[in-house]
Amino acid sequence: MNYPTVKRTALKIFIGFLGLTALIAIVSVLAGNFGDTQWKILATTFTISMASICSMSGIVFIEKKRQVMLGCIGIVSAIVSALLVIVMLWGHMGNDDILFKCLLTLIVLAIAFALGFLLMLPELDAGQRWFQTLTSVCICLLALQIIVAIWWEIQADVYYRILAVMAIIIGLQTLLLPMLMKLRKGDVPLTEQLLLVKVEHDLYRDLNGKTYRLIAVENAHTDHRDEVMPTDHDGS
């Protein structure tokens, strides 16, 4: 699959529907006619825009991290939840409690995957990558807490206090990640190697045909190294 092409397509869809949402809102406000149909159209275009954002994060995650299965789960969650929202907006699904809980679960999963993907994308130093792993674990725990609350309809006040604390921790981790990126030292640069083949005497030639003159240089520590200087030879 050509992930860069898919990513560009998702981005174009997001921009298009975001512009359409703004256009519908402007026309409805100016016309003074903001009824049920306009609200449904706005909700539909907004839903597709959000699904495009979540899908793009999954596509970029697959492209950068090469974890296809995990990325596809996030993408499918976003697409299916968006389709269900649109069906419930325009259809007559009735008061199906199970379907509504399934929809909320998919929305939570889509948002959790998208946030997790975005926070895993930045490259940190090897000693800092534990922070991204911890953030992913916290996001999973928060998503699980929300899903449990949805299906079991928990009413305990202490449960939601713990849920709020976890959400605050994730918010803090999201803010700290850019700071860790600023502190990143980067990988140690690799030693550059130059392969030379002896032509004659002190003349050598590299793989591109460029000719060098090799001169021994003595440094302050009496170590002898070879200094390579390019010559004016054309290598012919």
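Side notes on the structure shown:
- Yes/no for ASP157 being free of Cβ contacts under 8 Å to residues at least 60 places away in the same chain, outside the structural domain of VAL68 (by TED's automatic domain parsing), acidic (Asp, Glu) and more than 24 Å from SER52 (Cα to Cα): yes
- Top-ranked residue in the range 18-68 [being at pLDDT 85 or above and polar (S, T, N, Q); ranked as surrounded by the fewest Cβ atoms within 10 Å (Cβ to Cβ)]: GLN67
- Among the conditions (1) modelled with pLDDT of 95 or more; (2) part of a loop (DSSP other than H, G, I, E, B), the only one that THR191 does not satisfy is (1).
- The one condition from (1) surrounded by 15 or more Cβ atoms within 10 Å (Cβ to Cβ); (2) in the same structural domain as LEU11 (by TED's automatic domain parsing); (3) farther than 29 Å from ALA43 by Cβ that ILE107 does not meet is (3).
- Residue within the range 155-164 that is more than 30 Å from ASP36 (Cβ to Cβ), among the acidic types (Asp, Glu), surrounded by fewer than 14 Cβ atoms within 10 Å (Cβ to Cβ) and over 17 Å from the mean Cα position of the chain (by Cα) present: yes
- Against the numbered list (1) without any contact (Cβ under 8 Å) to a residue 60 or more places away in the chain; (2) assigned by TED's automatic domain parsing to the domain that holds ALA43, ALA114 comes up short only at (1).
- When the criteria are applied in full, GLN173 fails the requirement of being among the polar types (S, T, N, Q), in a helix (DSSP H, G or I), at pLDDT below 90 and not assigned by TED's automatic domain parsing to the domain that holds ILE53.
Matching residues to (1) closer than 19 Å to PHE61 by Cα; (2) under 15 Å from the mean Cα position of the chain (by Cα); (3) not assigned by TED's automatic domain parsing to the domain that holds THR47:
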{"position": "CYS72", "(1), (2), (3)": "yes, yes, no"}
{"position": "ILE75", "(1), (2), (3)": "yes, yes, no"}
{"position": "ASP96", "(1), (2), (3)": "no, no, no"}
{"position": "LYS101", "(1), (2), (3)": "no, no, no"}
{"position": "TRP130", "(1), (2), (3)": "yes, no, yes"}
{"position": "LEU142", "(1), (2), (3)": "no, no, yes"}
{"position": "LEU177", "(1), (2), (3)": "yes, yes, yes"}
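The values are calculated or read from the model by the stated rules, or taken from the named source; none is laboratory data. Not measured: the values here are computed from a predicted model. Heads up, the Cβs are rebuilt from the backbone with ideal geometry, glycines too, and the neighbour counts pull from every protein chain shown.
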